[in-house]
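Below: the structure, in structure tokens.
The values are calculated or read from the model by the stated rules, or taken from the named source; none is laboratory data. The shown structure was predicted, so the numbers you read here are calculated from the model rather than taken from an experiment. Note that each Cβ is placed from the backbone with ideal geometry, even for glycine, and that neighbours are counted across all protein chains shown. Note: accessible area is taken over every heavy atom of the protein model, side chains too, but ligands, DNA and RNA are not part of it. Shrake-Rupley method; radii C 1.70, N 1.55, O 1.52, S 1.80 Å.
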Amino acid sequence: MLEQLIVDWHLDGTKLVALGLLFSFLLFFFLALSALRGGRSPHLRPIRAFDGLERLIEASSESAQLIHCSLGTASLVSRFTAEVLAGLTMLRALAKRAVASRFPLVVTTLDPVSLAASQGILARAGSTLAEGQVGKGEEARFVAPEPVSYAAGIMGLLNREHPLGNVIVGGLGDEYLLMGEVGAREGIYQVVGTSAPQVLPFVVTSADEYLLGEEMFAAGAYVEKNRAHLGSLLAQDWTRELIIGIIIGLVILRTAGLL
């Protein structure tokens, strides 16, 4: 059986290509980490939503007004796991800034697992306060277990508490329109990230700034400046360039009749 598996691997070119790309990515990743440890500062293309988020944090720090962070309308244990993890990464960055700049932050979710993760993030951020200091009010709330009920609860929160900003990053469905419309009507500055194609028209028309598709997964690199995230981002770019170079080389060889 082992011999058959070895034969199958040799005959399956797709698996060999996938392995080659994986090893190339890992090589690029460790090279990028080494360069970052050496003090190299990578060039990241500007993304307006992250610049808008920075302005929102500065405004909230000056006015001590609330920022609401939503992890979306999907569970962490679902097909939207990657999106919810991106929301938790955004929350971690916001929590650190909330503690440092002393502005109130409320995070809401419809998932008990995400709630526990959020509470852990807020607790770790709060542990950086000096003894005797208290935070401005970092709080994690479970709103409702169903997407539509959760969206209705967020509508009430936005109407009652009038936060300065509404940051929504995670898995989203059509119920987003309930939250986004209220935020736009109330004049709340909204930064929204999603990878769901059917929700993109609602996001573009209701949010002040938005993260589309893969942009939302770059929060760790742009907002936190996390070395591992930066290294991963650089490795992805270099892997794309390698693939493009291989394709161009094969086209040239094929055109020249060498293949």
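The chain gives an Rg/Rh value of 1.07, both radii derived from C-alpha positions and Rh following Kirkwood. Between ARG141 and VAL204, the simple label model (points 7 Å from Cα in the Cβ direction) yields a spacing of 3.2 nm.
Figure note: HIS43, HIS162 ranked by solvent-accessible area, largest first, 1.4 Å probe, ligands and nucleic acids not counted: HIS43, HIS162. The residues of the chain present an accessible area of 53 Å² per residue when probed at 1.4 Å with all protein chains retained. Loop-resident chymotrypsin sites (Phe, Trp or Tyr not before Pro) (DSSP state other than H, G, I, E or B) in the stretch 183-259 with no more than 12 further Cβ atoms inside 10 Å of their Cβ are absent.
Quick check on the stretch 103-259: of the DSSP beta bridges with both residues there, what percent are antiparallel, nearest 5%? Restricted to the stretch 103-259, the bridges split so that about 0 percent are antiparallel. Which listed residue (PHE142, ALA125, THR108) has the Cα farthest towards the positive end of the charge dipole for the stretch 50-150, taking +1 on Lys and Arg C-beta and -1 on Asp and Glu C-beta about the Cα centre? My answer, from the dipole projection, is ALA125.
Screening the chain for whole DSSP H helices of 27 Å or more along their axis (Cα) with average Kyte-Doolittle hydropathy at least -0.5 returns 13-37, 81-101, 227-255.
What shape does the stretch 51-192 take by its C-alpha gyration tensor, where a ≥ b ≥ c are the square roots of the eigenvalues and a/c under 1.5 counts as rounded, a/b above b/c as prolate, and the rest as oblate? Note, shape of the stretch 51-192 comes out oblate. In the Gaussian network model of the chain, springs joining C-alpha atoms below 10 Å, which of THR109, THR73, THR14 carries the largest mean-square fluctuation? Greatest mean-square fluctuation among the candidates belongs to THR14. Computed over the stretch 176-227, the P(r) tail beyond 17 angstrom holds 38 percent of alpha carbon pairs. Label zone (ARG79, point 7 Å along Cα-to-C-beta; backbone nitrogen cut-off 19 Å) within the stretch 161-181: 170-176. Ligands, DNA and RNA left out, the accessible area of the stretch 25-123 computed with a 1.4 Å probe is 59% carbon and sulfur. Take the Cα of ARG254, step 7 Å toward its Cβ, do the same at ARG227, and the gap between the two points is 4.2 nm. The mean sequence separation of alpha-carbon pairs under 8 Å and at least six residues apart, normalised by the residue count of the chain, gives a relative contact order of 22 percent. Overall, the chain carries a charge dipole of about 700 debye about its Cα centre when +1 sits on the Cβ of Lys and Arg and -1 on the Cβ of Asp and Glu, all other atoms neutral.
Spatially, the stretch 21-97 and the stretch 139-212 are offset by 18 Å when compared through their Cα centroids.
Please identify every one of the trypsin sites (Lys or Arg not before Pro) in the stretch 179-227 that sits in a loop by DSSP and has no more than 14 other beta carbons within 10 Å of its own beta carbon.
The qualifying sites are LYS225.
In the chain, the calculated helix contribution to ellipticity at 222 nm averages -19500 deg cm²/dmol per residue, counting -39,500 (n - 2.57) for every DSSP H run with n ≥ 4.
Shape call for the stretch 113-257 from the C-alpha gyration tensor, a ≥ b ≥ c root eigenvalues: rounded (a/c under 1.5), prolate (a/b greater than b/c) or oblate?
The shape class here is oblate.
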